[in-house]
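> One structure coming up, written as structure tokens, with questions to follow.
No lab work stands behind these numbers, since they all come straight from the coordinates. Owing to the predicted nature of the structure, the values given are computational and were not obtained by experimental measurement. Cβ sites come from the backbone with ideal geometry, for glycine too, and all protein chains shown count toward neighbours.
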Amino acid sequence: MAQVILQLEGIAKDFSDGKILRRVLKKLDLTIYSQELTIIAGPSGSGKTTLLSIMGLILQPSEGKLFIKDKEVSRYSENELATVRMRNFGFVFQLAELLPALSVMENIIIAQALQGARVPSSLRERAVSLLKDFGLQEYIHGKSQQLSSGQKQRVAIARALINDPLLLLCDEPTSALDSESSTIVLDTLKRISKESGRGVIMVTHDPRVFPYADRLIKIEDGAVGYDSKTDTNEEVAP
Ligand SMILES: Nc1ncnc2c1ncn2[C@@H]1O[C@H](COP(=O)(O)OP(=O)(O)O)[C@@H](O)[C@H]1O
Ligand SMILES: [Mg+2]
């Protein structure tokens, strides 16, 4: 059953370009549900990364409230936000950003390894199971530099899933990929979005990925211009 994961109420974001304050996001109201691949689309500069960063508690909004599973987190301290972020979110970016000299396994558990304590074997087992799931088991102990860009991106997705997050937040994860790798990554994200209690949000400027969306939201001028969940009068053309 789909559940509410994230709620945005009147979220606005201003950036100042020197002297002038510019409103990039204008009073957005959005509810994000589990069991869905939500695609947020818009041209370059429309505020997609800003919105994703606010949703992922990386960036503070200028106005508005944010709820995670009914709990308001808008006034949390930096430390509290970091804890909520670590427990609930996984991030995937345009470039996989793996450390080339480290093995695939080491890349996946790097955040935990950097914390100093011994990485529990359960975490390594989860990494192995994710890599098997993504068809990458033969590369577990190989250096990540030998992987193709599509394989690297799947490793980055495994890394984002290692803490079993509620929500996977992906910023243009297919933009740097050829169409074949892009299809594999999109299939993977779609499948992950159907896992129990999980949701996936992907922002993109690429209309070719729209057919993968369970829900398509278009950002125009810092506001929701179209939402397939509520607007039924527009064709969702690829
Ligand atoms: N830290 C920042 N300081 C000032 N302006 C910013 C900052 N981050 C983003 N912007 C501006 O906000 C707008 C939206 O940016 P962004 O969210 O990155 O768009 P998108 O991801 O859709 O390409 C752009 O005009 C960008 O220049
Ligand atoms: Mg962006």
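> If you place +1 on the Cβ of every Lys and Arg and -1 on the Cβ of every Asp and Glu, how big does the dipole about the Cα centre of the range 1-134 come out, in debye to the nearest 20?
That gives a dipole near 140 debye.
> May I ask for the net charge around S179, where only other residues with Cβ less than 12 Å from the Cβ of S179 are counted and Lys, Arg are +1 while Asp, Glu are -1?
Within the 12 Å Cβ shell, the charges total -2.
> Using R₀ = 22 Å, calculate the FRET efficiency as 1/(1 + (r/R₀)^6) where r is the Cβ-Cβ separation of T31 and S129; round to 0.05.
Approximately 0.10, to the nearest 0.05.
> Where does each of 218-231, 115-128 land if you order them by average Cβ count within 10 Å, highest first?
Per-residue mean Cβ counts within 10 Å order the peptides as 218-231, 115-128.
> Here's another thing I want to ask about it. With each pseudo-label sitting 7 Å past Cα toward Cβ, what's the S74-K19 distance in nm, one decimal?
For the pair S74/K19, the computed spacing is 3.2 nm.
> Right, next: Using a basic spin-label model with each label point 7 Å from the Cα along Cα→Cβ, how many nm lie between S103 and A176?
2.4
> Under unit Cβ charges (Lys, Arg +1; Asp, Glu -1), what dipole magnitude, rounded to 20 debye, does the chain have relative to its Cα centre?
My answer is approximately 580 debye.
> Ranking M1, M202, M105 by Cβ neighbours within 10 Å, fewest first, what do you get?
Fewest-to-most ranking of M1, M202, M105: M1, M105, M202.
> Another one. Beyond 31 Å between alpha-carbons counts as too far, so tell me which of K19/K69; K69/K190; K19/K152; K13/K69; K132/K218; K65/K190 fall in that bin.
K19/K69; K19/K152; K132/K218
> Can I ask one more? Subtracting the Cα-Cα distance from 0.36 nm times the residue separation, let me have the gained length for D206 to L95 in nm, one decimal.
Here the answer is 38.4 nm.
> Residue-wise, which Karplus ³J(HN,Hα) couplings in Hz belong to the range 98-111, taking 6.51 cos²θ - 1.76 cosθ + 1.60, θ = phi - 60°, and x for glycine or proline?
8, 7, x, 7, 8, 6, 4, 4, 4, 5, 6, 9, 4, 4
> Continuing with this model, one more query. Can you list the equivalent-ellipsoid semi-axes of the range 4-227, largest first and in whole Å, using the square root of 5 times each Cα gyration tensor eigenvalue?
Over the Cα atoms of the range 4-227, the ellipsoid semi-axes are 29, 20, 16 Å.
> Say we join alpha carbon atoms closer than 10 Å with springs in a Gaussian network model of the chain; which of L166, L102, L186 then has the biggest fluctuation?
Comparing L166, L102, L186 in the GNM, the peak value goes to L102.
> Let me ask something else about it. Under the rule of at least 5 residues apart or a separate chain, name every residue whose amide H is placed under 5 Å from the amide H of V92.
Answer set, sorted by chain and number: L169, C170, D171.
> Could you work out [θ]222 nm for the chain from helices alone, using -39500 (n - 2.57) per DSSP H run of at least four and dividing by all its residues? Round to the nearest 500 deg cm²/dmol.
-8500 deg cm²/dmol
> What whole-number volume per residue, in cubic angstrom, does the convex hull of the C-alpha atoms of the range 133-238 give?
120
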